[in-house]
1. Please determine, in degrees from 0 to 90 and to the nearest 10, the orientation of helix 156-189 with respect to the longest principal axis defined by the Cα atoms of the chain, where the helix direction is its Cα long axis.
2. Just want the ordering: 103, 28, from fewest to most Cβ atoms lying within 10 Å of their own Cβ.
3. Could you tell me how many degrees, from 0 to 90 and to the nearest 10, lie between the Cα long axis of helix 14-23 and the main elongation axis, the longest principal axis, of the Cα atoms of the chain?
4. Which of 72, 94, 61 moves the most in a Gaussian network model of the chain with Cα springs under 10 Å?
5. Calculate for the chain the 222 nm mean residue ellipticity that helices alone would give, adding -39,500 (n - 2.57) per DSSP H run of length 4 or more and normalising by residue count, nearest 500 deg cm²/dmol.
6. Taking the 0 to 90 degree range and rounding to the nearest ten, how far is the long axis of helix 112-150 tilted relative to the main principal axis of the chain, both from C-alpha atoms?
7. Please arrange 78, 112 by how many other C-beta atoms lie within 10 Å of their C-beta, fewest to most.
8. Calculated from the structure, Cα Rg over 2.2 N^0.38 Å equals which of (i) 1.01; (ii) 2.19; (iii) 1.38?
């Protein structure tokens with residue numbers, strides 16, 4: 001006689017495993033100092049019966065249980081679902097998920113990391129534009145100086161115009177740095 005059996009199921013995700021464990025509380029009952037059994041408290045069904053070595057961890061369906069002192073015969077430990085969420089890592093896991101979740105930007109489609117990189121790109125672009133503008137103004141200044149020196153005498157009107165132009169360039173560069181600083185502060189507040 002031959003018997004064949006098959007089991008076809010998809011693996012459970014971490015959240016599905018956690019929810020399943022919460023729905024099925026269990027007891028660890030020590031029948032002796034070196035033996036224990038795992039009992040489903042909903043159905044009072046013995047799920048496993050195993051040997052125990054003091055100091056080692058009990059492993060059951062992804063759950064690891066470690067005791068600080070050696071259990072004795074007739075000790076019973078209840079593993080329950082922590083339904084109110086106190087002491088679990090659910091908030092920490094949700095916080096880690098924010099790295100991938102779209103919570104900011106146009107249409108809330110960007111993650112925090114993507115938004116930060118976007119702001120850094122914008123600040124970099126503004127800084128590069130300020131550098132290009134500074135170099136262009138330096139060239140214009142040099143040309144103005146050379147032009148002035150080629151003509152005898154000094155034109156006060158030209159000098160005043162150059163002074164105003166450089167002042168405006170400086171103010172534009174300062175404004176771009178101020179905007180960059182404000183954007184960086186906004187990212188840090190996220």
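1. So the helix axis and the longest Cα principal axis differ by about 10 degrees.
2. Details: 103 13, 28 21.
Going from least to most buried by this count: 103, 28.
3. 40
4. So, out of 72, 94, 61, the one fluctuating most is 61.
5. Values: 4 runs with 91 residues, N = 190.
It lands at -17000 deg cm²/dmol.
6. Approximately 10 degrees, to the nearest 10.
7. Values: 78 11, 112 17.
Listed from fewest to most nearby Cβ atoms, that is 78, 112.
8. Answer by label: (ii).
Just so you know, all these numbers are worked out from the coordinates, no wet-lab data involved. Remember, predicted model here, so these are calculated numbers, not experimental data. Because the Cβ atoms are built from the backbone with ideal geometry, glycine has one as well, and the counts that use them run over all protein chains shown.
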